[in-house]
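Working notes for the structure below.
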């Protein structure tokens, strides 16, 4: 299987060149020129290995080989073709390349599968050009609504509809969804540092976290830093620092898989010699268990209200994102585990802390994911990278998994 | 003394009209057109009540009446004529008006004093036009150096030297300082909320705080908020929140007159779904006692280093301002206390949390200050205000004080 190394390298390099920007990153956004070149290029590659290709109305690309025994049962693999602005060379597109190379290898090695095999290159997942994420997978499953994007425009003012039409695509005309897909397996970079830290090349994902995002605003009193005694203050940054340190202490105590992040903060007036009168900050909390996520965030919300009252601060808590955890299919996870065990591939059973197309698929069809390590956990950045041998191990795991799902009776 | 109410109101309104901006604030900056109009207008007022007026080389204005018995002993009062950009109607200029009205009242009521009396309108204190504060008082005491401002320019690129020359002033040609000043008394708004909170119209200032200002930089690791387990993080905002909450807890415990402020913070990358990799923040600490200030800040510095180490963060602590506390003259403070007691004026003995010209004078001559309340502690803002009756009580305290110092044998 040594030629897999060359094939992974060549194909990643080829796809990365489409939309490459001068900083070494890739900007290939939904319906832009390079996006279309990439989809057309992939269509050609899929055809070359004997797959029957097709686009759906919105631009998702499919490459299919019929199963010899169970043609109406489809095993699908792939990911999204779009990148973030100035993104890396693996997020999304590695999942397409790996699926394509896995199917290529399986056809070359084992011939026609018992079940139909399909490679998918999804139109969009990142929400980087227009304010809408999962456009590809949500269309496949009838979740995307025309009215959600009809008024959307990109940063340059180009209307979503105009960009779509210009690239030759249009809204779906039916809400019909496919009944033939028996398994969806997506391979993706981890975008975290767990695999690297524990030294494993493969992750088998059994859950995608739910997440809640908040914006919290504290109102105190801006005062002179020299002339206002401590006991007369309503210091918003004091309240903030109590809330953040106490909440993260609790998150550490709760332990995996809970994560809690206070990523953004804005202080008014933000001046060395003025007691901060106002602090606005975000909280991002994730967990694989919906009840645990709810219980933890409720506790933190109550803590924050108590701390605000104690410090004489007004508090406004706005929950603006509330996504449920999505468990992967136990059946497919076990198939992936068995495939890796049989091939003696070293894996870690884990959850995903980031969102993926698989969380849309998992609501409709048996789904699981494979991860490969991200060097230093870096992603959405030109420095995004995975050691080539790890990419190949991931590909081998995908080959073994698709073999088990599509070739075994 | 009822006519004092009218006189305070009229004179504050008159001086506030010179440099008034459309927002209700005042912008009268060193050597600008309105600054010169104000100094010339004050010179005329000083002359009208029989004071001999003079400017020194840099533009400090003096109005003097010789003492009948001790003409070589001068009792001086006044403050600075410049404002901050978009400042209020009392900071600085009330101290000039009050000194002028006090001397006017004393001459009208008691005739020539035993000691010489001098009203001063200082050129500059705020550092609002050029990056140099206390230009007026530092020149009087030989502390201002030509080389410190020779390359300075304002925000519009006007050179300090050109602005000075245009208004008719120049550098001092000698370092000689006056030996005749036996007392300096400055009346100023509090710029804090202590007097308002305790309901007293007058503060007698016995100390001006020392202050240390720091910029502290924490370096951790920016990571994905979803895919990085809590135990793998080097979260700079977590360390920051621990440092701030612990330090303010200690400051509260230490109690008055210590104050501690974390006014400014900057987070990188400051994004909802990224663990903060870098936090840069300021710390401002003030105390009336140099040893206590030093001991407290040393302890906080050690705490911050320990917290940084505990959280895997690199820390850089930069102390960029280190001003010593300036005690007021015990003798003059007692004279002010006696004057207020005799006139049954209600005062609070207190320190100043902000810097004033008096801290320069106090290094050379017996000095003390009087405060009047600031409504809601607001200053350096068009909303800066003091109830008129409180301004008058302050003026009465200044009259009683100058009487005691200049008229009693």
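The values are calculated or read from the model by the stated rules, or taken from the named source; none is laboratory data. From a predicted model like this one, the values you see are computed outputs, not experimental measurements. We place every Cβ from the backbone using ideal geometry, glycine too, and count neighbours over all the protein chains shown.
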Which of the residues spanning the stretch A:347-373 are within 14 Å of chain B (Cβ to nearest Cβ) and touching a helix residue (DSSP H, G or I) at 6+ places or on another chain (Cβ under 7 Å)? A:348, A:350, A:369, A:371, A:372, A:373
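Can you name the residue in the stretch A:241-258 that is part of a helix (DSSP H, G or I) and more than 7 Å from chain B (Cβ to nearest Cβ) and is also surrounded by the most Cβ atoms within 10 Å (Cβ to Cβ) among such residues?
Here the residue is A:243.
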Looking only at the stretch A:259-293, count every residue that is more than 7 Å from every other protein chain (Cβ to nearest Cβ), in a loop (DSSP other than H, G, I, E, B) and crowded, with 22+ Cβ neighbours inside 10 Å and tell me the total. 0
Among (1) within 8 Å of chain B (Cβ to nearest Cβ); (2) within 30 Å of residue B:379 (Cβ to Cβ); (3) in contact with a strand residue (DSSP E or B) (Cβ under 7 Å, 6 or more places away or on another chain), there is one condition residue A:233 misses while meeting the rest; what is its number? (1)
Does the stretch A:280-298 contain any residue that is more than 20 Å from residue B:224 (Cβ to Cβ) and touching a helix residue (DSSP H, G or I) at 6+ places or on another chain (Cβ under 7 Å)? no
Check the stretch A:212-227 and report whether any residue there is at pLDDT 95 or above, facing chain B (nearest Cβ under 9 Å), over 22 Å from the mean Cα position of the chain (by Cα) and not in a strand (DSSP E or B). no
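Residue-wise test of (1) under 34 Å from the mean Cα position of the chain (by Cα); (2) not assigned by TED's automatic domain parsing to the domain that holds residue A:363.
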position	(1), (2)
A:205	yes, no
A:232	no, yes
A:242	yes, yes
A:245	yes, yes
A:249	yes, yes
Only one of (1) away from every other protein chain (no Cβ under 14 Å); (2) free of Cβ contacts under 8 Å to residues at least 12 places away in the same chain; (3) more than 32 Å from the chain's Cα centre (by Cα) does not apply to residue A:179, and that is (3)
Every residue from the stretch B:302-333 that is surrounded by fewer than 18 Cβ atoms within 10 Å (Cβ to Cβ), assigned to a helix (DSSP H, G or I) and in contact with a strand residue (DSSP E or B) (Cβ under 9 Å, 6 or more places away or on another chain): B:305, B:309, B:330, B:331
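For the subset of the stretch A:344-382 comprising residues that are assigned to a helix (DSSP H, G or I) and over 15 Å from the mean Cα position of the chain (by Cα), which member is modelled with the highest pLDDT?
A:375
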Out of all the residues in the stretch B:122-133, is one or more buried (at least 24 other Cβ atoms within 10 Å of the Cβ), outside any loop (DSSP other than H, G, I, E, B) and either in contact with a helix residue (DSSP H, G or I) (Cβ under 7 Å, 6 or more places away or on another chain) or assigned by TED's automatic domain parsing to the domain that holds residue B:188 (or both)? yes
Run residue B:60 past the list (1) under 15 Å from residue B:94 (Cα atoms); (2) under 22 Å from the mean Cα position of the chain (by Cα) and report the number of the one that doesn't hold. (1)
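Quick grid of which residues meet (1) at pLDDT below 95; (2) surrounded by 22 or more Cβ atoms within 10 Å (Cβ to Cβ); (3) more than 30 Å from residue A:408 (Cβ to Cβ); (4) over 22 Å from the mean Cα position of the chain (by Cα):
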residue	(1), (2), (3), (4)
A:12	no, no, no, no
A:20	no, no, yes, no
A:41	no, no, yes, yes
A:74	no, yes, no, yes
A:96	no, yes, no, no
What do you reckon, is residue A:147 within 25 Å of the chain's Cα centre (by Cα), in a helix (DSSP H, G or I) and surrounded by fewer than 21 Cβ atoms within 10 Å (Cβ to Cβ)? yes
Need the failing condition index for residue A:171 against (1) touching a residue at least 40 places away in the same chain (Cβ under 8 Å); (2) buried (at least 19 other Cβ atoms within 10 Å of the Cβ); (3) under 29 Å from residue A:131 (Cβ atoms), just the number. (2)
Only unsatisfied item for residue B:112, checking (1) in contact (Cβ under 8 Å) with a residue 24 or more places away in the chain; (2) in a helix (DSSP H, G or I); (3) more than 23 Å from residue B:359 (Cβ to Cβ), is (2)
Does residue A:289 qualify as being farther than 27 Å from residue A:217 by Cα and assigned by TED's automatic domain parsing to the domain that holds residue A:221? yes
Being under 30 Å from residue B:387 (Cβ atoms) and assigned to a helix (DSSP H, G or I) is the filter here, so list the residues in the stretch B:46-101 that pass it. B:46, B:48, B:93, B:94, B:95, B:96, B:97, B:98, B:99, B:100, B:101
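Quick check on the stretch A:196-211: of everything there that is facing another protein chain (nearest Cβ under 10 Å) and in contact with a strand residue (DSSP E or B) (Cβ under 9 Å, 6 or more places away or on another chain), which residue is nearest to residue B:288 (Cα to Cα)? First the steps, then the outcome.
The initial filter retains those residues of the stretch A:196-211 that are facing another protein chain (nearest Cβ under 10 Å), namely A:196-197, A:208-209, A:211.
Applying the additional criterion that residues be in contact with a strand residue (DSSP E or B) (Cβ under 9 Å, 6 or more places away or on another chain) yields A:208-209, A:211.
Numbers: A:208: 57, A:209: 53, A:211: 49 Å.
Result: A:211.
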The stretch A:383-395 - residue that is closer than 19 Å to residue A:23 by Cα and surrounded by fewer than 21 Cβ atoms within 10 Å (Cβ to Cβ) and, of those, nearest to the chain's Cα centre (by Cα): A:385
